[in-house]
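S.K.: Before we start, here is the structure in question, set down as structure tokens.
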Amino acid sequence: MKKILGLDIGTNSIGWALVNEAENSEEKSSIIRLGVRVNPLTVDEQQNFENGRSITTNADRTLKRSMRRNLQRYKLRRENLIDILKINGFISDEAILSEAGNHTTFETYHLRAKAVTEQISLEEFSRVLLMINK
């Protein structure tokens, strides 16, 4: 007779069984012991489960990591675009590329509207381009 340990590893539990396995027709197979170990839910996971949301802590961490990566990639794209605009002479190092202060909230939107009807400067175009690239 040989002994076999069987494991069933799930996302929230681990099931196990210790079995005597018959090696010939004269022996009889039998279960020695079996059991399960359940990983309890945290309070947040329990509330999500009760409300019908199935998001786990791993999924939440993955979502937040994805958000950090997307922000990092956005900032890198923006820096690269600014570098290209500087190299090609569209803007200088002193150029204001974002809204600054209370009275400039919609200034970039006004530049976009102005660009439809009349020609704007390269610096203004760069500012509009950086706004679109958000």
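The values are calculated or read from the model by the stated rules, or taken from the named source; none is laboratory data. Here the structure is a predicted model, which means the values were calculated and not measured. Virtual Cβ from ideal backbone geometry, glycine too; neighbours counted across all protein chains shown.
S.K.: For segment 24-52, what are the residues that are among the hydrophobic types (A, V, I, L, M, F, W, C) and either loosely packed, with under 11 Cβ neighbours inside 10 Å or assigned to a loop (DSSP other than H, G, I, E, B) (or both)?
M.R.: Of all residues in segment 24-52, those among the hydrophobic types (A, V, I, L, M, F, W, C) come to 31-32, 34, 36, 38, 41, 43, 49.
The answer is Ile31, Val38, Leu41, Val43.
S.K.: Here is a follow-up. I want to confirm something. Restricting to segment 77-99 and keeping residues that are assigned to a helix (DSSP H, G or I) and touching a residue at least 12 places away in the same chain (Cβ under 8 Å), which single residue is nearest to Ser121 (Cα to Cα)?
M.R.: Going through the qualifying residues, I end up with Leu85.
S.K.: Still on this model: What pairs can you find where one residue is in segment 12-23 and outside any loop (DSSP other than H, G, I, E, B), the other is surrounded by 13 or more Cβ atoms within 10 Å (Cβ to Cβ) and modelled with pLDDT under 95, and their Cβ atoms are less than 7 Å apart, with a gap of 6+ or different chains?
M.R.: Cβ pairs passing all conditions: none.
Results for (1) acidic (Asp, Glu); (2) out of contact with any Ser or Thr (no Cβ under 7 Å at 6 or more places or on another chain), shown as yes or no for each residue.
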| site | (1), (2) |
| --- | --- |
| Ile4 | no, yes |
| Thr11 | no, yes |
| Leu18 | no, yes |
| Glu21 | yes, no |
| Glu26 | yes, yes |
| Ile31 | no, yes |
| Pro40 | no, yes |
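S.K.: Restricting to segment 110-126, name every residue that is surrounded by 15 or more Cβ atoms within 10 Å (Cβ to Cβ) and either of a type in the set (Lys, Arg) or in contact (Cβ under 8 Å) with a residue 60 or more places away in the chain (or both).
M.R.: Arg112 - this is the single residue of segment 110-126 that is surrounded by 15 or more Cβ atoms within 10 Å (Cβ to Cβ) and either of a type in the set (Lys, Arg) or in contact (Cβ under 8 Å) with a residue 60 or more places away in the chain (or both).
S.K.: So which residues in segment 97-134 are of a type in the set (D, E, K, R) and modelled with pLDDT under 90? Don't jump to the end; show me each part of the working.
M.R.: Quick first cut of segment 97-134, residues of a type in the set (D, E, K, R) only: 99, 107, 112, 114, 118, 123-124, 127, 134.
Those that are of a type in the set (D, E, K, R) and modelled with pLDDT under 90: Glu99, Glu107, Arg112, Glu123, Glu124, Arg127, Lys134.
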